[in-house]
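Asks: Mind having a look at this structure? Questions to follow.
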Amino acid sequence: MRLLFTSLGSFGHTFPLVPLAVAARDAGHDVVFATSEDFLPQLTKAGLETAAAGLAISQAFGQAFAESGPPGPRRPPGEIPPEVLGPIVAKVFGELMPERFFADLLPLFEHVRPDLVVSEAGNSGGTFAAMKAGIPAVAHGFGRVSTGDPMVTRIRDAIRAHGASLGIHVGEDLAFAGPFIDICPESVQDPDFLARTRRVPLRPVGWSEPGELPPGVLERSRPLVYLTLGTAMGHAGVLGAAITGLSGLDVDVLVATGPTVDPAVLGEVPANVRLEAWVPQSELLPHVDLVVHHGGSGTTLGAFGAGLPQLLLPQGADQFSNADAVLAAGVGDRLLAAEVTAEAVAEKARTLLTDTSVRDAARTLAAEVAAMPSPAEVAAQLPTLA
């Protein structure tokens, strides 16, 4: 069976599909993974055949901001007024990237001739192209679905308009129309989504670029706190406050600064803090005692699977919805915007490291994740989905 996987080009949208793509390849299927050119090297490291398609998210946002008016100072998404950010995000995810993926994938389909397209849920252009070509398609989620978020509603309206321009009618939600491969545990998934979706559960198996764990992770005598603000929305002020607060505890702190924060901006850090630009997160989490992070879906789900308490410092996108879910599940806590101070981070982290009820809830959720079908098991179902 020939399978074509396609996703928006970003860590949060591409990496969740890699375990299933690798499992499908290992099961003997011919697999091609199509995404923006800047992410093809990541997929090559996973041993996958690749094809360039679509527009890089950074390029799409650059184009959208340029069209919206003169640029201003860079601010984190949480500080940009919704009336400014909303139309830009809707244009990026509902128009610019779908148009480019649609245009690039149609000729690629002629070359690859897939029997099934697995399109990441944020990549409506992939689904539209499959529909236009008459190829069966399934959606693949990248985290918890948020059906009530006003920003999501804006994006869906833009997707409907784009579909209409192609002669494709989009109902309540394009991604929910057929089978949906869902990597979010059912107990923390959006109830409205669960009620109206043909859900194919898949265990969220983290994938990250292969690499060595930083020194000291495996040999330590006190708790290890992992701090990251992800790959897209890092903010030096937030990261600095969190470092100051955590460093005052009797813990070791490992910080992944990511591509958006220059470690030099953070200055000299205390002796119990280690800065790394990048870490192999999926390999690191089993050795961590607490995760303090932005609330990105990959880190949130990874912590679910590892049975870890979490402190979320959401910055934008689906991070606020993920923070709500973590709080409701009793597996962590959150700090929003101005609440993020060194003192508040220290207080919340101290509680999460010692609260047995949070630890018990995290272990229960980890058991739910472990019971979800593996990538190999879902790969075996793919022929039936076509």
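Asks: Count, please, the residues in region 115-147 that happen to be outside any loop (DSSP other than H, G, I, E, B) and of a type in the set (Asp, Glu).
Replies: Result for region 115-147: 1.
Asks: Tell me, please, whether a residue that is surrounded by 17 or more Cβ atoms within 10 Å (Cβ to Cβ), in the same structural domain as Ala137 (by TED's automatic domain parsing), at pLDDT below 95 and in contact with a helix residue (DSSP H, G or I) (Cβ under 9 Å, 6 or more places away or on another chain) can be found in region 229-237.
Replies: no
Asks: Would it be correct to say that Ala303 is small (Gly, Ala, Ser), surrounded by fewer than 21 Cβ atoms within 10 Å (Cβ to Cβ), at pLDDT 95 or above and assigned to a helix (DSSP H, G or I)?
Replies: Spelling it out, it is not the case that Ala303 is small (Gly, Ala, Ser), surrounded by fewer than 21 Cβ atoms within 10 Å (Cβ to Cβ), at pLDDT 95 or above and assigned to a helix (DSSP H, G or I).
This table checks each residue for (1) within 19 Å of the chain's Cα centre (by Cα); (2) at pLDDT 85 or above; (3) outside the structural domain of Thr299 (by TED's automatic domain parsing).
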{"residue": "Glu120", "(1), (2), (3)": "yes, yes, yes"}
{"residue": "Phe128", "(1), (2), (3)": "no, yes, yes"}
{"residue": "Ile135", "(1), (2), (3)": "no, yes, yes"}
{"residue": "Gly141", "(1), (2), (3)": "yes, yes, yes"}
{"residue": "Ser146", "(1), (2), (3)": "yes, no, yes"}
{"residue": "Met151", "(1), (2), (3)": "yes, no, yes"}
{"residue": "Gly167", "(1), (2), (3)": "no, yes, yes"}
{"residue": "Val170", "(1), (2), (3)": "no, no, yes"}
{"residue": "Phe176", "(1), (2), (3)": "yes, no, yes"}
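Asks: Next question, about the same structure. I'm checking my understanding of the structure. Among residues of region 315-343 that are of a type in the set (D, E, K, R) and in a helix (DSSP H, G or I), which one is nearest to the chain's Cα centre (by Cα)?
Replies: Asp324
Asks: Taking into account only those residues within region 221-276 that are hydrophobic (A, V, I, L, M, F, W, C), assigned to a helix (DSSP H, G or I) and out of contact with any strand residue (DSSP E or B) (no Cβ under 8 Å at 6 or more places or on another chain), which is farthest from Leu312 (Cα to Cα)?
Replies: Ala264
Asks: Find all pairs meeting these conditions: Cβ atoms under 6 angstrom apart; at least six residues apart or on different chains; first residue within region 146-163 and within 20 Å of Val188 (Cα to Cα); second residue in a loop (DSSP other than H, G, I, E, B).
Replies: Between residues of region 146-163 that are within 20 Å of Val188 (Cα to Cα) and residues that are in a loop (DSSP other than H, G, I, E, B), the close pairs are Ser146/Asp318; Thr147/Asp190; Val152/Ser146.
Let's see how each residue does on (1) within 19 Å of the chain's Cα centre (by Cα); (2) among the aliphatic types (A, V, I, L, M):
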| site | (1), (2) |
| --- | --- |
| Arg198 | no, no |
| Leu202 | yes, yes |
| Gly211 | no, no |
| Ser221 | no, no |
| Thr231 | yes, no |
| Val238 | no, yes |
| Leu246 | no, yes |
| Pro263 | no, no |
| Leu275 | no, yes |
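Asks: If I filter region 45-70 down to residues being modelled with pLDDT under 95 and of a type in the set (S, T, N, Q), which single residue comes out as surrounded by the most Cβ atoms within 10 Å (Cβ to Cβ)?
Replies: Filtering first and then ranking leaves Gln59.
Asks: For region 336-359, give me each residue that is touching a strand residue (DSSP E or B) at 6+ places or on another chain (Cβ under 7 Å) and without any contact (Cβ under 8 Å) to a residue 40 or more places away in the chain.
Replies: Within region 336-359, Lys348 is the sole residue that qualifies.
Asks: Right, something else. Pairs under 6 Å by beta carbon, first residue within 21 Å of Pro309 (Cα to Cα) in region 211-230, partner among the charged types (D, E, K, R) and part of a loop (DSSP other than H, G, I, E, B), six or more apart or different chains?
Replies: Arg222/Asp250; Pro223/Asp289; Leu224/Asp289
Asks: Next question, about the same structure. Considering every residue within region 182-194, establish whether at least one is modelled with pLDDT of 85 or more, part of a helix (DSSP H, G or I), among the small types (Gly, Ala, Ser) and not assigned by TED's automatic domain parsing to the domain that holds Thr341.
Replies: Yes, some residue in region 182-194 is modelled with pLDDT of 85 or more, part of a helix (DSSP H, G or I), among the small types (Gly, Ala, Ser) and not assigned by TED's automatic domain parsing to the domain that holds Thr341.
Asks: Counting only residues that are touching a Pro at 6+ places or on another chain (Cβ under 8 Å) and closer than 14 Å to Tyr226 by Cα, which one in region 286-297 is surrounded by the fewest Cβ atoms within 10 Å (Cβ to Cβ)?
Replies: Per the criteria, the residue is Asp289.
The values are calculated or read from the model by the stated rules, or taken from the named source; none is laboratory data. Computed from a prediction, not measured in an experiment: that's the story for all the values here. Glycine gets a Cβ as well: all are built from the backbone with ideal geometry, and neighbour counts include every protein chain shown.
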